[in-house]
Amino acid sequence: MIELKNITKTFSEGNISVHAVKDVSLVIDKGEIFGIIGFSGAGKSTLVRCINLLERPDAGKVFVDGKDLTALKARDLRSARKKIGMIFQHFNLMPSRTVAGNVEYSLFGSGLSKEAKRKKVRELLSLVDIADKENAYPSQLSGGQKQRVAIARALANDPKVLLCDEATSALDPQTTASILDLLQSLNKKLGLTVVVITHEMAVVKQICDRVAVMEDGNVVEEGDVFSIFANPKHQITKDFIKTTSNLQKIEGLIASGSDVAKLKPGEVILRLSYKKANTSEALISEVSRKFNINLNIIYADVEIVKDAPIGGTVAIVSGEKSDIDAAIKYLQDKEVGVEVIKDERNIVHSLTKCIG
Ligand SMILES: Nc1ncnc2c1ncn2[C@@H]1O[C@H](COP(=O)(O)OP(=O)(O)OP(=O)(O)O)[C@@H](O)[C@H]1O
């Protein structure tokens, strides 16, 4: 549905140049929810604004629904743009128009009669569940309600693509969840291709099918959401994932000398993370039985991402060194990520050596 080919965009002010997007190529499939995540200044907004040519790239091509937008004349570009809706962090509603007026404004030039426009506006407002606010002004609405109006407005010309630029960043967590639910239901109901820019991995986890991670104008990693969460390759991706997982807290507990992370000689702390869609919690009891070791779980953080469990556990493991080694190998063979966080097994060895 969307293909970005070698997109480059540089902003110049005086003799300072900012390379906002550097030779980025991406393919976003029809009907998917695609996330673009990165820290502030990574180039996400610039890249997404290149999709509807709000920013014209210095180099590269933009294909949407088979059309090369970069090659279109102004009039054709205007009509192609109508098939690409966009919503923003701060909603961008017109304060002097009512909710219905804001949505109707987008139907200007649609050729619909006054009555047909009214009907369309009512349908759109019902679709986003805000029909009761038809006559209210933006200043009388909450942030979540404003974003619903902005979504209705973005859908007025029956677009095939919806671009969402930090659409939930100004909302509280509960409202964020309800707007993400709405985007997901519109994606299913209308077959809409949705592109979501965010700096929150939780947003990606909740609704995206695939994600691209941006840093310093480049896409550094890209893939389906489960694989990215299970096997992040780039440091920045790992940092983003840390923000949504409790499994990293163990380092803090060790550093603070917490009793929870104290080991007896011979014990080891392992962090197990699921890397395969068919991994299950049953593995823990299985290795415990099979290798005659004890796993005392300190943290478990497992949730369902794209219908598969993701996350893992942190456990204190005790048993014979050779049994623990064999259990680690067994888990790794089952494609569970195993990290040794703290290891007191050598203490047993040195004690044995001393006694011996
Ligand atoms: N119109 C502009 N003129 C000059 N520089 C710009 C312009 N737009 C963006 N930039 C610069 O390009 C870089 C990328 O900005 P961009 O807004 O695309 O990043 P972002 O990842 O979306 O960040 P944020 O999450 O803060 O919006 C930044 O260094 C920014 O200052």
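The values are calculated or read from the model by the stated rules, or taken from the named source; none is laboratory data. Computed from a prediction, not measured in an experiment: that's the story for all the values here. Here the Cβ positions follow ideal geometry from the backbone for every residue, glycine too, while neighbour counts run over all protein chains shown. Heavy atoms of the whole protein, side chains included, go into the accessibility calculation; ligands, DNA and RNA do not. Shrake-Rupley method; radii C 1.70, N 1.55, O 1.52, S 1.80 Å.
In this structure, Lys306 does satisfy being modelled with pLDDT under 90, in contact with a strand residue (DSSP E or B) (Cβ under 8 Å, 6 or more places away or on another chain), open to solvent by 80 Å² or more (accessible area, probe 1.4 Å) and more than 17 Å from Leu270 (Cα to Cα).
Looking only at residues that are more than 23 Å from Asp172 (Cβ to Cβ) and open to solvent by 50 Å² or more (accessible area, probe 1.4 Å) in segment 182-203, which one is nearest to the chain's Cα centre (by Cα)? Don't jump to the end; show me each part of the working.
Step one: filter segment 182-203 for residues more than 23 Å from Asp172 (Cβ to Cβ), giving 188-193, 195.
Right, trim to open to solvent by 50 Å² or more (accessible area, probe 1.4 Å) and you get 188-190.
Numbers: Lys188: 18, Lys189: 21, Leu190: 21 Å.
Among those that are more than 23 Å from Asp172 (Cβ to Cβ) and open to solvent by 50 Å² or more (accessible area, probe 1.4 Å), it is Lys188.
Whenever a residue of segment 84-106 is open to solvent by 50 Å² or more (accessible area, probe 1.4 Å), its partners that are of a type in the set (A, V, I, L, M, F, W, C), lying with C-beta atoms within less than 6 angstrom and at least six residues away or across chains, give the pairs Gln89/Ala170; Glu104/Val121.
Total residues in segment 264-284 satisfying the condition of being at pLDDT 80 or above and part of a loop (DSSP other than H, G, I, E, B): the figure is 4. Within segment 311-356, being modelled with pLDDT of 75 or more, aliphatic (A, V, I, L, M) and closer than 25 Å to Leu253 by Cα holds for Val314, Ala315, Ile316, Val317, Ile324, Ala327, Ile328, Leu331, Val336, Val338, Val340, Ile341. Out of Leu93, Leu112, one residue alone is in the same structural domain as Val64 (by TED's automatic domain parsing) and within 11 Å of Val149 (Cβ to Cβ). It is Leu93.
In segment 1-22, the qualifying residues are those that are touching a residue at least 60 places away in the same chain (Cβ under 8 Å) and open to solvent by 60 Å² or more (accessible area, probe 1.4 Å), and the one that is farthest from the ligand (Cβ to nearest atom) is Glu3. Of the candidates Ser40, Ser25, the single residue that is within 12 Å of the ligand (Cβ to nearest atom), open to solvent by 40 Å² or more (accessible area, probe 1.4 Å) and either more than 30 Å from Ser110 (Cα to Cα) or outside any loop (DSSP other than H, G, I, E, B) (or both) is Ser40.
Exactly one residue among Thr237, Thr244, Thr175 is touching a Gly at 6+ places or on another chain (Cβ under 6 Å) and crowded, with 16+ Cβ neighbours inside 10 Å, and that residue is Thr175.
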